1. Here is a check on your reading of the model: is GLU162 within 16 Å of THR212 (Cα to Cα) and charged (D, E, K, R)?
2. What single numbered condition from (1) in the same structural domain as PHE319 (by TED's automatic domain parsing); (2) away from the ligand (no atom under 16 Å from the Cβ); (3) under 16 Å from the mean Cα position of the chain (by Cα) fails to hold for MET271?
3. Select the helices (runs of 4 or more DSSP H) contained entirely in the stretch 139-248, then report the ones holding at least 3 residues which are in contact (Cβ under 8 Å) with a residue 40 or more places away in the chain, touching a helix residue (DSSP H, G or I) at 6+ places or on another chain (Cβ under 8 Å) and more than 16 Å from the ligand (Cβ to nearest atom).
4. How many residues does the stretch 67-112 hold that are in a strand (DSSP E or B), open to solvent by less than 20 Å² (accessible area, probe 1.4 Å) and away from the ligand (no atom under 16 Å from the Cβ)?
5. Quickly run through the stretch 193-237 and pick out the residues that are closer than 23 Å to CYS294 by Cα, β-branched (Val, Ile, Thr) and touching a Lys or Arg at 6+ places or on another chain (Cβ under 6 Å).
6. Just wondering, is there one or more residues in the stretch 314-322 that are charged (D, E, K, R) and open to solvent by 30 Å² or more (accessible area, probe 1.4 Å)?
7. Considering only the stretch 129-171, how many residues are among the hydrophobic types (A, V, I, L, M, F, W, C) and within 25 Å of PRO372 (Cβ to Cβ)?
8. Considering each residue of the stretch 113-138, count those that are assigned to a strand (DSSP E or B), within 12 Å of ALA361 (Cβ to Cβ) and either among the β-branched types (Val, Ile, Thr) or modelled with pLDDT under 95 (or both), and give that number.
Amino acid sequence: MANEAGSKRAAGLQTRLVQAGKNTQAPGGQAVNPPLVRASTVLFKDTAEQREMRARRGSERIFTYGARGTPTTFALEDAVSELEGAYRTRLFPSGLAAIGFTLLAYLKPGDHVLMSDSVYEPVRALAETFLQPYGIRVTFFAADGSDLEQRWEEGTRMVYAECPGSLVYEMCDLPAIARFAHARGALVAADNTWGCGVLYRPLALGADISVTAATKYLSGHSDVMMGTVSTTEAVWQPLQQRCEAFGMTASPDDAWLVLRGMRSLAARLRMHEQHALQVAQWLGERQEVRTVFCPALPSDPGHALWKRDCTGTNGLLSFELPPGTASASVDRLIDGLSLFGLGASWGGYESLVTAANMQRARSVTDWGARGPVVRLHVGLEDPADLIADLGRGMALL
Ligand SMILES: *Cc1c(COP(=O)(O)O)cnc(C)c1O
(Lines give C-alpha, C1' and ligand atoms only; values in the text may rest on other atoms or scores of the structure.)
Protein backbone atom coordinates (compact mmCIF):
# COMPACT_ATOMS: atom_id res chain seq x y z
CA MET A 1 0.00 0.00 0.00
CA ALA A 2 2.76 2.47 -0.82
CA ASN A 3 0.42 4.63 -2.81
CA GLU A 4 -3.11 5.56 -1.73
CA ALA A 5 -4.09 7.32 -4.99
CA GLY A 6 -7.73 6.94 -6.07
CA SER A 7 -9.30 6.36 -9.51
CA LYS A 8 -7.40 9.29 -11.09
CA ARG A 9 -4.08 7.60 -10.48
CA ALA A 10 -2.22 6.63 -13.67
CA ALA A 11 -1.94 2.89 -14.15
CA GLY A 12 1.32 1.36 -12.97
CA LEU A 13 4.14 0.51 -15.34
CA GLN A 14 3.34 -3.18 -15.30
CA THR A 15 -0.29 -2.50 -16.24
CA ARG A 16 0.72 -0.05 -18.96
CA LEU A 17 3.11 -2.61 -20.42
CA VAL A 18 0.23 -5.07 -20.71
CA GLN A 19 -2.15 -2.57 -22.30
CA ALA A 20 0.07 -0.34 -24.46
CA GLY A 21 0.19 -0.50 -28.25
CA LYS A 22 -3.08 -2.36 -28.67
CA ASN A 23 -4.67 0.20 -30.98
CA THR A 24 -3.54 -1.25 -34.29
CA GLN A 25 -5.99 0.78 -36.38
CA ALA A 26 -3.43 3.09 -38.01
CA PRO A 27 -4.86 5.99 -40.00
CA GLY A 28 -4.32 5.82 -43.76
CA GLY A 29 -4.72 3.10 -46.38
CA GLN A 30 -4.44 -0.65 -46.16
CA ALA A 31 -1.54 -3.02 -46.77
CA VAL A 32 -1.78 -5.26 -49.85
CA ASN A 33 -1.30 -8.43 -47.80
CA PRO A 34 -3.46 -9.58 -44.90
CA PRO A 35 -2.05 -8.85 -41.45
CA LEU A 36 -0.19 -11.55 -39.60
CA VAL A 37 -2.37 -12.38 -36.61
CA ARG A 38 -0.83 -14.57 -33.91
CA ALA A 39 -3.11 -15.61 -31.10
CA SER A 40 -3.91 -18.03 -28.37
CA THR A 41 -6.47 -16.03 -26.33
CA VAL A 42 -9.19 -14.15 -28.18
CA LEU A 43 -11.02 -11.42 -26.25
CA PHE A 44 -14.75 -10.68 -26.37
CA LYS A 45 -16.60 -7.44 -25.66
CA ASP A 46 -18.90 -8.95 -23.06
CA THR A 47 -20.38 -12.23 -21.88
CA ALA A 48 -23.23 -12.05 -24.40
CA GLU A 49 -20.77 -11.86 -27.33
CA GLN A 50 -18.62 -14.63 -25.88
CA ARG A 51 -21.69 -16.88 -25.52
CA GLU A 52 -22.88 -16.13 -29.04
CA MET A 53 -19.47 -16.75 -30.66
CA ARG A 54 -19.05 -20.03 -28.81
CA ALA A 55 -22.50 -21.14 -29.87
CA ARG A 56 -21.80 -20.35 -33.53
CA ARG A 57 -18.31 -21.77 -33.83
CA GLY A 58 -19.50 -25.37 -34.20
CA SER A 59 -21.01 -24.62 -37.59
CA GLU A 60 -19.20 -21.42 -38.62
CA ARG A 61 -15.56 -20.47 -38.88
CA ILE A 62 -15.28 -17.89 -36.11
CA PHE A 63 -12.18 -16.45 -34.45
CA THR A 64 -12.58 -17.66 -30.86
CA TYR A 65 -9.30 -19.34 -29.94
CA GLY A 66 -5.85 -19.57 -31.56
CA ALA A 67 -5.98 -23.35 -31.93
CA ARG A 68 -9.06 -22.96 -34.15
CA GLY A 69 -7.17 -20.60 -36.46
CA THR A 70 -6.65 -16.87 -36.77
CA PRO A 71 -7.60 -14.44 -39.57
CA THR A 72 -4.21 -15.23 -41.18
CA THR A 73 -4.74 -19.00 -41.33
CA PHE A 74 -8.35 -18.41 -42.43
CA ALA A 75 -7.03 -16.32 -45.34
CA LEU A 76 -4.79 -19.19 -46.48
CA GLU A 77 -7.61 -21.71 -46.04
CA ASP A 78 -9.79 -19.58 -48.31
CA ALA A 79 -7.07 -19.21 -50.93
CA VAL A 80 -6.51 -22.98 -51.05
CA SER A 81 -10.27 -23.66 -51.16
CA GLU A 82 -10.47 -21.30 -54.13
CA LEU A 83 -7.76 -23.23 -56.02
CA GLU A 84 -9.11 -26.66 -55.14
CA GLY A 85 -12.78 -25.77 -55.72
CA ALA A 86 -13.43 -26.94 -52.17
CA TYR A 87 -16.10 -26.18 -49.59
CA ARG A 88 -13.44 -25.58 -46.95
CA THR A 89 -9.80 -26.31 -46.11
CA ARG A 90 -7.87 -27.11 -42.91
CA LEU A 91 -4.16 -26.49 -42.42
CA PHE A 92 -1.61 -28.90 -40.94
CA PRO A 93 2.00 -28.56 -39.80
CA SER A 94 3.26 -30.64 -42.76
CA GLY A 95 1.99 -32.45 -45.82
CA LEU A 96 2.51 -35.81 -44.14
CA ALA A 97 0.48 -34.67 -41.10
CA ALA A 98 -2.32 -33.67 -43.49
CA ILE A 99 -2.28 -37.16 -45.04
CA GLY A 100 -2.23 -38.88 -41.63
CA PHE A 101 -5.12 -36.81 -40.41
CA THR A 102 -7.16 -37.47 -43.53
CA LEU A 103 -6.86 -41.20 -42.91
CA LEU A 104 -7.62 -40.77 -39.22
CA ALA A 105 -10.67 -38.58 -39.82
CA TYR A 106 -12.42 -40.87 -42.29
CA LEU A 107 -11.34 -44.40 -41.33
CA LYS A 108 -11.80 -46.48 -38.20
CA PRO A 109 -10.58 -49.88 -37.04
CA GLY A 110 -12.15 -52.60 -39.18
CA ASP A 111 -12.15 -50.43 -42.32
CA HIS A 112 -10.15 -51.16 -45.44
CA VAL A 113 -8.37 -48.57 -47.59
CA LEU A 114 -7.07 -49.05 -51.12
CA MET A 115 -3.90 -47.03 -51.67
CA SER A 116 -2.19 -46.25 -54.93
CA ASP A 117 1.16 -47.97 -55.46
CA SER A 118 2.51 -44.53 -56.42
CA VAL A 119 1.95 -42.82 -53.05
CA TYR A 120 4.55 -40.55 -51.49
CA GLU A 121 6.79 -43.14 -49.84
CA PRO A 122 6.43 -42.12 -46.15
CA VAL A 123 2.70 -42.94 -46.47
CA ARG A 124 3.77 -46.58 -46.69
CA ALA A 125 5.47 -46.26 -43.31
CA LEU A 126 2.32 -44.63 -41.94
CA ALA A 127 0.30 -47.60 -43.18
CA GLU A 128 2.72 -50.10 -41.66
CA THR A 129 3.46 -48.46 -38.31
CA PHE A 130 0.08 -46.91 -37.54
CA LEU A 131 -2.87 -47.89 -39.75
CA GLN A 132 -2.33 -51.66 -39.74
CA PRO A 133 -1.63 -51.97 -35.96
CA TYR A 134 -4.67 -49.69 -35.37
CA GLY A 135 -6.88 -52.17 -37.26
CA ILE A 136 -7.25 -50.29 -40.55
CA ARG A 137 -6.33 -52.65 -43.36
CA VAL A 138 -4.36 -51.32 -46.30
CA THR A 139 -4.00 -52.82 -49.78
CA PHE A 140 -2.00 -51.19 -52.55
CA PHE A 141 -3.41 -51.03 -56.08
CA ALA A 142 -1.59 -50.47 -59.39
CA ALA A 143 -0.76 -46.80 -59.95
CA ASP A 144 -2.82 -46.70 -63.16
CA GLY A 145 -5.87 -48.06 -61.29
CA SER A 146 -6.13 -51.13 -63.55
CA ASP A 147 -6.57 -53.66 -60.70
CA LEU A 148 -8.79 -51.57 -58.42
CA GLU A 149 -11.94 -53.58 -59.07
CA GLN A 150 -10.14 -56.85 -58.42
CA ARG A 151 -8.77 -55.62 -55.08
CA TRP A 152 -12.07 -54.23 -53.82
CA GLU A 153 -13.32 -55.70 -50.54
CA GLU A 154 -16.53 -55.69 -48.54
CA GLY A 155 -15.09 -53.23 -46.00
CA THR A 156 -13.34 -50.87 -48.45
CA ARG A 157 -14.20 -47.40 -47.23
CA MET A 158 -11.69 -45.24 -49.06
CA VAL A 159 -9.56 -45.07 -52.18
CA TYR A 160 -6.45 -43.04 -51.53
CA ALA A 161 -4.86 -41.99 -54.82
CA GLU A 162 -1.94 -39.89 -55.88
CA CYS A 163 -2.09 -38.60 -59.44
CA PRO A 164 0.32 -38.11 -61.04
CA GLY A 165 2.21 -40.45 -58.73
CA SER A 166 5.41 -39.76 -56.81
CA LEU A 167 8.76 -40.23 -58.60
CA VAL A 168 7.57 -41.44 -62.03
CA TYR A 169 4.21 -39.62 -62.32
CA GLU A 170 1.82 -42.43 -63.26
CA MET A 171 -1.66 -41.18 -64.20
CA CYS A 172 -4.89 -42.87 -63.13
CA ASP A 173 -8.45 -42.23 -64.30
CA LEU A 174 -9.69 -40.41 -61.20
CA PRO A 175 -13.25 -39.77 -62.51
CA ALA A 176 -13.66 -43.50 -63.23
CA ILE A 177 -12.24 -44.42 -59.81
CA ALA A 178 -14.61 -41.94 -58.13
CA ARG A 179 -17.66 -43.37 -59.95
CA PHE A 180 -16.67 -46.91 -58.96
CA ALA A 181 -15.95 -46.01 -55.31
CA HIS A 182 -19.03 -43.84 -54.84
CA ALA A 183 -21.29 -46.56 -56.24
CA ARG A 184 -19.98 -48.74 -53.36
CA GLY A 185 -20.29 -46.07 -50.67
CA ALA A 186 -16.56 -45.38 -50.38
CA LEU A 187 -14.75 -42.04 -50.31
CA VAL A 188 -12.00 -40.90 -52.65
CA ALA A 189 -9.04 -38.90 -51.32
CA ALA A 190 -6.19 -37.70 -53.52
CA ASP A 191 -2.74 -36.35 -52.78
CA ASN A 192 -2.65 -33.27 -55.00
CA THR A 193 0.83 -31.99 -54.21
CA TRP A 194 1.92 -32.37 -57.86
CA GLY A 195 -1.01 -30.40 -59.28
CA CYS A 196 -1.67 -28.12 -56.27
CA GLY A 197 -5.04 -26.90 -57.53
CA VAL A 198 -3.57 -25.27 -60.64
CA LEU A 199 -2.45 -28.18 -62.84
CA TYR A 200 -4.86 -30.76 -61.42
CA ARG A 201 -8.08 -30.45 -59.41
CA PRO A 202 -9.20 -33.75 -57.84
CA LEU A 203 -12.48 -32.41 -56.42
CA ALA A 204 -13.59 -31.27 -59.88
CA LEU A 205 -12.76 -34.78 -61.15
CA GLY A 206 -14.95 -36.48 -58.54
CA ALA A 207 -12.77 -36.90 -55.43
CA ASP A 208 -14.17 -35.96 -52.02
CA ILE A 209 -10.91 -34.92 -50.40
CA SER A 210 -7.79 -33.26 -51.79
CA VAL A 211 -4.58 -33.15 -49.77
CA THR A 212 -1.48 -31.11 -50.58
CA ALA A 213 1.95 -30.50 -49.17
CA ALA A 214 1.92 -26.69 -49.32
CA THR A 215 5.57 -27.14 -48.38
CA LYS A 216 6.15 -27.62 -52.12
CA TYR A 217 4.78 -25.34 -54.87
CA LEU A 218 2.23 -23.36 -52.88
CA SER A 219 4.93 -21.88 -50.67
CA GLY A 220 7.47 -22.14 -53.48
CA HIS A 221 10.59 -21.01 -51.63
CA SER A 222 11.86 -24.08 -49.71
CA ASP A 223 11.53 -22.34 -46.37
CA VAL A 224 8.29 -23.47 -44.74
CA MET A 225 6.39 -26.68 -43.88
CA MET A 226 2.61 -26.83 -44.34
CA GLY A 227 -0.10 -29.30 -45.32
CA THR A 228 -3.66 -28.68 -46.48
CA VAL A 229 -6.80 -30.81 -46.65
CA SER A 230 -9.70 -29.52 -48.75
CA THR A 231 -13.06 -31.26 -49.01
CA THR A 232 -16.52 -31.06 -50.52
CA GLU A 233 -19.30 -29.81 -48.25
CA ALA A 234 -20.74 -33.33 -47.92
CA VAL A 235 -17.67 -34.76 -46.18
CA TRP A 236 -16.39 -31.68 -44.32
CA GLN A 237 -17.63 -32.44 -40.81
CA PRO A 238 -15.53 -35.52 -39.90
CA LEU A 239 -12.33 -33.64 -40.74
CA GLN A 240 -13.40 -30.51 -38.88
CA GLN A 241 -14.45 -32.47 -35.80
CA ARG A 242 -11.26 -34.53 -35.72
CA CYS A 243 -9.11 -31.41 -36.01
CA GLU A 244 -10.90 -29.73 -33.12
CA ALA A 245 -10.84 -32.84 -30.97
CA PHE A 246 -7.07 -33.09 -31.40
CA GLY A 247 -6.36 -29.32 -31.24
CA MET A 248 -4.79 -29.53 -34.70
CA THR A 249 -3.38 -26.16 -35.64
CA ALA A 250 -0.84 -24.49 -37.93
CA SER A 251 1.37 -21.48 -37.31
CA PRO A 252 0.01 -18.16 -38.60
CA ASP A 253 3.59 -17.13 -39.47
CA ASP A 254 3.89 -20.15 -41.72
CA ALA A 255 0.42 -19.56 -43.18
CA TRP A 256 1.44 -15.99 -43.98
CA LEU A 257 4.56 -17.22 -45.80
CA VAL A 258 2.60 -19.75 -47.84
CA LEU A 259 0.01 -17.13 -48.75
CA ARG A 260 2.77 -14.84 -49.90
CA GLY A 261 4.33 -17.61 -51.99
CA MET A 262 0.98 -18.49 -53.55
CA ARG A 263 0.58 -15.09 -55.21
CA SER A 264 3.19 -16.06 -57.81
CA LEU A 265 2.20 -19.74 -58.06
CA ALA A 266 0.72 -19.68 -61.58
CA ALA A 267 3.64 -17.66 -62.98
CA ARG A 268 6.24 -19.92 -61.34
CA LEU A 269 4.52 -23.08 -62.56
CA ARG A 270 4.47 -21.82 -66.14
CA MET A 271 8.21 -21.19 -65.97
CA HIS A 272 8.96 -24.54 -64.26
CA GLU A 273 6.98 -26.24 -67.05
CA GLN A 274 8.81 -24.47 -69.89
CA HIS A 275 12.21 -25.24 -68.38
CA ALA A 276 11.34 -28.86 -67.56
CA LEU A 277 10.11 -29.49 -71.10
CA GLN A 278 13.38 -28.17 -72.53
CA VAL A 279 15.37 -30.41 -70.18
CA ALA A 280 13.07 -33.37 -71.02
CA GLN A 281 13.70 -32.92 -74.71
CA TRP A 282 17.45 -32.86 -74.18
CA LEU A 283 17.30 -35.94 -71.93
CA GLY A 284 15.17 -37.77 -74.51
CA GLU A 285 17.95 -37.35 -77.08
CA ARG A 286 20.69 -38.75 -74.84
CA GLN A 287 21.76 -42.32 -75.49
CA GLU A 288 22.38 -42.88 -71.72
CA VAL A 289 18.70 -42.22 -70.99
CA ARG A 290 16.27 -45.12 -71.31
CA THR A 291 13.05 -43.36 -70.36
CA VAL A 292 12.06 -39.82 -69.45
CA PHE A 293 9.13 -39.83 -67.03
CA CYS A 294 6.76 -36.87 -67.43
CA PRO A 295 3.07 -37.21 -68.35
CA ALA A 296 3.27 -34.15 -70.62
CA LEU A 297 5.49 -36.13 -73.03
CA PRO A 298 3.55 -37.89 -75.83
CA SER A 299 5.67 -41.00 -75.18
CA ASP A 300 4.44 -41.27 -71.56
CA PRO A 301 1.82 -43.99 -70.89
CA GLY A 302 -0.29 -41.48 -68.95
CA HIS A 303 -0.21 -38.82 -71.66
CA ALA A 304 -3.85 -39.17 -72.83
CA LEU A 305 -5.19 -38.89 -69.27
CA TRP A 306 -2.82 -36.01 -68.57
CA LYS A 307 -4.17 -34.21 -71.64
CA ARG A 308 -7.73 -34.77 -70.50
CA ASP A 309 -7.35 -33.98 -66.78
CA CYS A 310 -4.33 -31.66 -66.31
CA THR A 311 -3.81 -28.09 -67.46
CA GLY A 312 -0.03 -28.35 -67.63
CA THR A 313 3.02 -29.88 -66.03
CA ASN A 314 5.54 -28.64 -63.45
CA GLY A 315 9.30 -28.82 -62.83
CA LEU A 316 9.37 -32.53 -61.93
CA LEU A 317 11.09 -34.94 -64.32
CA SER A 318 12.67 -38.31 -63.73
CA PHE A 319 14.79 -40.42 -66.03
CA GLU A 320 15.85 -44.04 -66.18
CA LEU A 321 19.43 -45.08 -66.91
CA PRO A 322 20.20 -48.41 -68.60
CA PRO A 323 19.55 -51.50 -66.43
CA GLY A 324 22.76 -52.59 -64.79
CA THR A 325 24.15 -49.05 -64.39
CA ALA A 326 26.21 -49.23 -61.20
CA SER A 327 25.04 -47.13 -58.27
CA ALA A 328 28.57 -45.66 -57.98
CA SER A 329 28.10 -44.42 -61.54
CA VAL A 330 24.78 -42.76 -60.62
CA ASP A 331 26.51 -41.15 -57.63
CA ARG A 332 29.19 -39.73 -59.95
CA LEU A 333 26.51 -38.20 -62.17
CA ILE A 334 24.71 -36.62 -59.20
CA ASP A 335 27.89 -35.44 -57.47
CA GLY A 336 29.08 -33.98 -60.77
CA LEU A 337 26.15 -31.54 -60.96
CA SER A 338 26.73 -28.07 -59.60
CA LEU A 339 23.44 -26.29 -60.33
CA PHE A 340 21.18 -29.06 -59.02
CA GLY A 341 21.11 -29.18 -55.22
CA LEU A 342 21.18 -32.68 -53.75
CA GLY A 343 18.09 -32.95 -51.62
CA ALA A 344 14.59 -34.32 -51.14
CA SER A 345 11.43 -32.26 -51.25
CA TRP A 346 10.87 -29.95 -54.25
CA GLY A 347 8.62 -27.11 -55.38
CA GLY A 348 10.98 -24.27 -54.49
CA TYR A 349 12.42 -21.95 -57.13
CA GLU A 350 15.67 -23.92 -57.35
CA SER A 351 16.76 -27.06 -59.17
CA LEU A 352 17.24 -30.30 -57.27
CA VAL A 353 18.38 -33.84 -57.98
CA THR A 354 18.03 -37.07 -56.06
CA ALA A 355 18.29 -40.79 -56.78
CA ALA A 356 14.88 -42.52 -56.62
CA ASN A 357 14.69 -46.02 -55.17
CA MET A 358 11.81 -47.42 -57.22
CA GLN A 359 12.11 -50.93 -55.77
CA ARG A 360 11.40 -49.57 -52.31
CA ALA A 361 8.76 -47.07 -53.49
CA ARG A 362 6.50 -49.62 -55.23
CA SER A 363 5.05 -52.94 -54.06
CA VAL A 364 2.55 -53.77 -56.83
CA THR A 365 4.75 -52.95 -59.81
CA ASP A 366 8.07 -54.79 -59.93
CA TRP A 367 10.88 -52.43 -60.88
CA GLY A 368 13.56 -55.12 -60.47
CA ALA A 369 14.37 -55.42 -64.17
CA ARG A 370 14.69 -51.70 -64.77
CA GLY A 371 17.59 -49.29 -64.51
CA PRO A 372 18.23 -46.72 -61.80
CA VAL A 373 15.95 -43.70 -61.75
CA VAL A 374 17.09 -40.14 -61.07
CA ARG A 375 14.59 -37.44 -60.16
CA LEU A 376 15.07 -33.81 -61.11
CA HIS A 377 13.20 -30.77 -59.96
CA VAL A 378 13.81 -28.23 -62.71
CA GLY A 379 13.89 -24.76 -61.20
CA LEU A 380 13.73 -21.22 -62.48
CA GLU A 381 17.41 -21.02 -63.52
CA ASP A 382 18.31 -20.55 -67.17
CA PRO A 383 17.54 -23.92 -68.81
CA ALA A 384 20.62 -23.70 -71.04
CA ASP A 385 22.77 -23.61 -67.90
CA LEU A 386 20.89 -26.56 -66.40
CA ILE A 387 21.34 -28.58 -69.60
CA ALA A 388 25.07 -27.79 -69.71
CA ASP A 389 25.34 -28.89 -66.06
CA LEU A 390 23.51 -32.16 -66.83
CA GLY A 391 25.82 -32.71 -69.78
CA ARG A 392 28.84 -32.46 -67.47
CA GLY A 393 27.21 -34.91 -65.02
CA MET A 394 26.33 -37.41 -67.76
CA ALA A 395 29.93 -37.40 -68.94
CA LEU A 396 30.90 -38.85 -65.53
CA LEU A 397 28.52 -41.84 -65.77
C1 LIG B 1 6.51 -33.86 -50.00
C2 LIG B 1 5.26 -34.59 -50.20
C3 LIG B 1 4.40 -34.84 -49.14
C4 LIG B 1 4.75 -34.50 -47.71
O5 LIG B 1 4.87 -33.15 -47.46
P6 LIG B 1 5.73 -32.62 -46.22
O7 LIG B 1 5.24 -31.23 -46.07
O8 LIG B 1 7.16 -32.74 -46.62
O9 LIG B 1 5.38 -33.48 -45.04
C10 LIG B 1 3.21 -35.50 -49.40
N11 LIG B 1 2.90 -35.88 -50.63
C12 LIG B 1 3.70 -35.66 -51.68
C13 LIG B 1 3.28 -36.13 -53.03
C14 LIG B 1 4.91 -35.02 -51.50
O15 LIG B 1 5.71 -34.85 -52.55
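The values are calculated or read from the model by the stated rules, or taken from the named source; none is laboratory data. Remember, predicted model here, so these are calculated numbers, not experimental data. Note: ideal-geometry Cβ built from the backbone for every residue, glycine included; neighbour counts use all protein chains shown. The accessibility values were calculated without ligands, DNA or RNA, using every heavy atom of the protein model including side chains. Shrake-Rupley method; radii C 1.70, N 1.55, O 1.52, S 1.80 Å.
1. yes
2. MET271 satisfies all of (1) in the same structural domain as PHE319 (by TED's automatic domain parsing); (2) away from the ligand (no atom under 16 Å from the Cβ); (3) under 16 Å from the mean Cα position of the chain (by Cα) except (3).
3. 236-246
4. Total meeting the criteria: 1.
5. Once the filter is applied, which keeps residues that are closer than 23 Å to CYS294 by Cα, β-branched (Val, Ile, Thr) and touching a Lys or Arg at 6+ places or on another chain (Cβ under 6 Å), the stretch 193-237 yields only THR193.
6. Within the stretch 314-322, none of the residues are charged (D, E, K, R) and open to solvent by 30 Å² or more (accessible area, probe 1.4 Å).
7. Selection size over the stretch 129-171: 7.
8. Summing the residues that are assigned to a strand (DSSP E or B), within 12 Å of ALA361 (Cβ to Cβ) and either among the β-branched types (Val, Ile, Thr) or modelled with pLDDT under 95 (or both) in the stretch 113-138 gives 0.
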